[in-house]
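Contents: one structure, followed by commentary.
The values are calculated or read from the model by the stated rules, or taken from the named source; none is laboratory data. Treat the numbers as computed from the prediction; the structure is a model and nothing was measured. A quick note on method: Cβ atoms are made from the backbone with ideal geometry, for glycine too, and the neighbour counts reach across all protein chains shown.
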Amino acid sequence: MQEVLLSVHLKRGSWDPSRPIGPWLAAITRNKLIDALRRRGRRVDIPIEDVAETLAALDAGETEQDLGDASRLLDRLKDPQRDIVRSISLEGREVRETAARLNMTEGAVRVALHRALKNLAALYRSTVE
């Protein structure tokens, strides 16, 4: 707020009294907000304590039906994609390890994982609609 007021004071000579003051003030405020966000950067720090209860509630809310729905969607994927998603996303294995097990290159595994996740998203959307 202080920066906005200082900027209004410094830029007061650029205001045209024949025009409304609101848009002029809004532009200054907007520019100061953008400057502040740029200084802060893209990183947002949220202490885990602030969201710990929410995370616990999300885990507890998972039902057998949810797990069954996810499994059914996964079963609709083609073989290599299904194996890759299970290996990397569910079992937490490395791309390198999955590629070696499936006799694929790491790049091919990454591409297949990306396509599989895209297919899962489309399958999910089709069941929700």
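Just one of (1) modelled with pLDDT of 90 or more; (2) of a type in the set (D, E, K, R); (3) touching a helix residue (DSSP H, G or I) at 6+ places or on another chain (Cβ under 7 Å); (4) within 24 Å of Tyr124 (Cβ to Cβ) fails for Arg96. It is (4).
Summed over the stretch 81-119, the residues that are under 19 Å from Ser71 (Cβ atoms), of a type in the set (Gly, Ala, Ser) and free of Cβ contacts under 8 Å to residues at least 24 places away in the same chain give a count of 2.
Being among the basic types (Lys, Arg) and either surrounded by 12 or more Cβ atoms within 10 Å (Cβ to Cβ) or not assigned by TED's automatic domain parsing to the domain that holds Ala70 (or both) is the filter here, so list the residues in the stretch 82-124 that pass it.
First pass over the stretch 82-124, keeping only residues among the basic types (Lys, Arg): 82, 86, 93, 96, 101, 110, 115, 118.
The answer is Arg82, Arg86, Arg93, Arg101, Arg110, Arg115.
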